[in-house]
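Peer 1: Below you'll find the structure I mean.
The values are calculated or read from the model by the stated rules, or taken from the named source; none is laboratory data. Just so it is clear, the model here is predicted, and its values are computed rather than measured. Positions of Cβ are backbone-derived with ideal geometry, glycine not excepted, and every protein chain shown enters the neighbour counts.
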Amino acid sequence: MGYRKLLALLPVYEAYAKQVDRQKLATVTKTVRPGQPYAGLAALGRFLQVIGDIPQGIQLNPNATIYEGALVDGVKHYQDRHGETPTGNLDARTINELNTPPAARIRQIKLTLERWRWLPHSFSQPPVVVNLPEYRVRAMNPDGTVAFYKNVIIGKAYGHKSPVFQKEIQYVVFRPYWEVTPSIQRNEIVPHIQKDPNYIAKHNFEVVTPKGEVVTDNQVSPQVLEDIKSLRLMVRQKPGETNSLGLVKIIFPNPENVYLHGTDAPELFSQDVRDFSHGCIRVQRPEDLVAWVLRNNPGWDLERVKATMKGEKNNLQVNLSTRIPILIVYGTATVNEENQIRFFDDIYGYDAELEKALAAGYPDAC
C-alpha cells in the first residue's frame, strides 16, 4: 500500500523543511511563461533545489531575471508531483502550491500514514486500490509492487462524494445499461423531460417498469411523466457508445451502489481536478483493468475484452473465478512508482476532519 515508502520519506521531508528559505514567492496576476521575467527566480531556484525538483549538481544563476532552463524543468517536476499538468507555467495555482508551508506538507504525510495504519496488511488476492485525491486506480502485484495504474474521475466534492471502503470485485458487465438512480431521476431527468418530452429518445434512454419491461423509448406522455416522477416507472440508458457508463462496468456490491466503469466523455480525463461523477468512479481506458480483473478467468485476455466491449451482446455479466479485493482510500500524500513523494488537494476535506479529531485526542480504552 505504500505505507513503508511514505514513512521512510517523512524524515527526508522534515529535513527539507529545515533547509527551506521561507521567503514567499511573488504572487502573479498574469501567468509567467518560459522566457518571461519573474521577480522571485532566486528564491524559486533555492526552494526547488532543496526539495529535489532540481538536482543538486545543477548550477543556478542567483542573478537570473528570465524564467528559463533548469527552473522551468524544476517547476514541471514540481507540478507533476502536486497533481497539476506539468506545463512549466507559473500561474496562480502553482505559486500558491509553492508557497504552502513545509509544515503543512509534513502534516499531509502524517495524516495519510494515520489512515494507512487502519488498512489491512494482507489480502487473499492482489488488490485494486483507488486513491481518491490522486484520481488514480492501481492494480497491485503479489509482491506489493504496482502492475499498472489508470487515471480516474471521482464523485463531486459537493453532494456526490465517492465512498471510502474495502469490498470485493465479484463480476464485470459488458455493454451495460445505466440504471438511473431515483435521486438522479427525480432531480435531473424529470426536469429535462418537462422541458423537452423527446429528451428520452434524444439521449438513448428508455422508460421501464420495475420488472424491466420497456414502456417507451420515444416521446414521454404526461401520464408516463407522472409515473416517472413518482418512481412507479424507472429510466435507464441503453447500452452502447453513448451510454454514460461507457462499454463496461466492474461491480463490487456495496450499499452506496458505487462501481468502476468507463465513460462516454473521455475528454474529462485531461482536467487536473476530476470530481465530476455522482459517486461512481470512471476509469480511463478501462479495458486494461477489466482484462487484469479477469486474468484468472480462462480465455479472457485483452483482445477478448476489447471485442466484447465492441460486440453486439448487451448487459453481458461475467463472474470472476476468483474475487479480488478493492480498496477505495483517501491519501493526500503518496509515493509514486519512481519513489517520489506527491501531494494532492484535500478535495473532500477529510484531512481537515481527521486533524480535528486527532487534536481532540484518542478516546480512552474501555
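Peer 1: Which residues, counting only those in the range 58-87, are outside any loop (DSSP other than H, G, I, E, B) and either under 17 Å from A333 (Cα atoms) or of a type in the set (G, A, S) (or both)?
Peer 2: Selection gives A70, G74, H77, Y78, Q79, D80, R81.
Peer 1: Okay, moving on. Within the range 1-33, which residues are surrounded by 17 or more Cβ atoms within 10 Å (Cβ to Cβ) and under 19 Å from P62 (Cβ atoms)?
Peer 2: If the condition is that a residue be surrounded by 17 or more Cβ atoms within 10 Å (Cβ to Cβ) and under 19 Å from P62 (Cβ atoms), then L25, V32 are the ones that fit.
Peer 1: Would you confirm whether any residue within the range 269-279 is modelled with pLDDT of 90 or more, outside any loop (DSSP other than H, G, I, E, B) and at negative phi?
Peer 2: For the range 269-279, residues modelled with pLDDT of 90 or more, outside any loop (DSSP other than H, G, I, E, B) and at negative phi: absent.
Peer 1: Do we find that Q59 is surrounded by fewer than 16 Cβ atoms within 10 Å (Cβ to Cβ), among the polar types (S, T, N, Q) and either out of contact with any Ser or Thr (no Cβ under 8 Å at 6 or more places or on another chain) or outside the structural domain of A139 (by TED's automatic domain parsing) (or both) in this structure?
Peer 2: Taking the combined requirement at face value, the residue satisfies it.
Peer 1: Another question, if that's okay. Residue by residue through the range 194-227, note down the ones that are among the charged types (D, E, K, R) and under 18 Å from P239 (Cβ atoms).
Peer 2: Once the filter is applied, which keeps residues that are among the charged types (D, E, K, R) and under 18 Å from P239 (Cβ atoms), the range 194-227 yields K202, E206, E213, D217.
Peer 1: How many residues does the range 33-58 hold that are β-branched (V, I, T) and within 16 Å of E97 (Cα to Cα)?
Peer 2: Result for the range 33-58: 2.
Peer 1: A further question on this structure: One residue is enough: does the range 241-248 have a residue meeting the conditions assigned to a helix (DSSP H, G or I), without any contact (Cβ under 8 Å) to a residue 24 or more places away in the chain and closer than 24 Å to V215 by Cα?
Peer 2: No, there is no match, as no residue in the range 241-248 is assigned to a helix (DSSP H, G or I), without any contact (Cβ under 8 Å) to a residue 24 or more places away in the chain and closer than 24 Å to V215 by Cα.
Peer 1: Confirm whether T65 is surrounded by fewer than 19 Cβ atoms within 10 Å (Cβ to Cβ), in contact with a Lys or Arg (Cβ under 9 Å, 6 or more places away or on another chain) and at pLDDT 90 or above.
Peer 2: Here the answer is no, as T65 does not meet what is asked.
Peer 1: Within the range 121-135, track down each residue that is assigned to a loop (DSSP other than H, G, I, E, B) and touching a Gly at 6+ places or on another chain (Cβ under 9 Å).
Peer 2: The answer is P126, Y135.
Peer 1: Do you know which residues across the range 170-207 are part of a loop (DSSP other than H, G, I, E, B), modelled with pLDDT of 90 or more and farther than 28 Å from A307 by Cβ?
Peer 2: So the first thing to find is which residues in the range 170-207 are part of a loop (DSSP other than H, G, I, E, B), and the list is 175-177, 180-181, 196-198, 203-204.
With modelled with pLDDT of 90 or more added as a condition, the list becomes 175-177, 196-198, 203-204.
If the condition is that a residue be part of a loop (DSSP other than H, G, I, E, B), modelled with pLDDT of 90 or more and farther than 28 Å from A307 by Cβ, then D196, P197, N198 are the ones that fit.
Peer 1: Can we say E97 is out of contact with any Ser or Thr (no Cβ under 8 Å at 6 or more places or on another chain) and surrounded by 15 or more Cβ atoms within 10 Å (Cβ to Cβ)? Give the steps one after another, and end with the answer.
Peer 2: Working: out of contact with any Ser or Thr (no Cβ under 8 Å at 6 or more places or on another chain): yes; surrounded by 15 or more Cβ atoms within 10 Å (Cβ to Cβ): yes.
Yes: the conditions hold for E97.
Peer 1: Taking N254 as meeting all but one of (1) in the same structural domain as I326 (by TED's automatic domain parsing); (2) out of contact with any strand residue (DSSP E or B) (no Cβ under 9 Å at 6 or more places or on another chain); (3) not aliphatic (A, V, I, L, M), write down the number of the exception.
Peer 2: Against the list (1) in the same structural domain as I326 (by TED's automatic domain parsing); (2) out of contact with any strand residue (DSSP E or B) (no Cβ under 9 Å at 6 or more places or on another chain); (3) not aliphatic (A, V, I, L, M), N254 comes up short only on (2).
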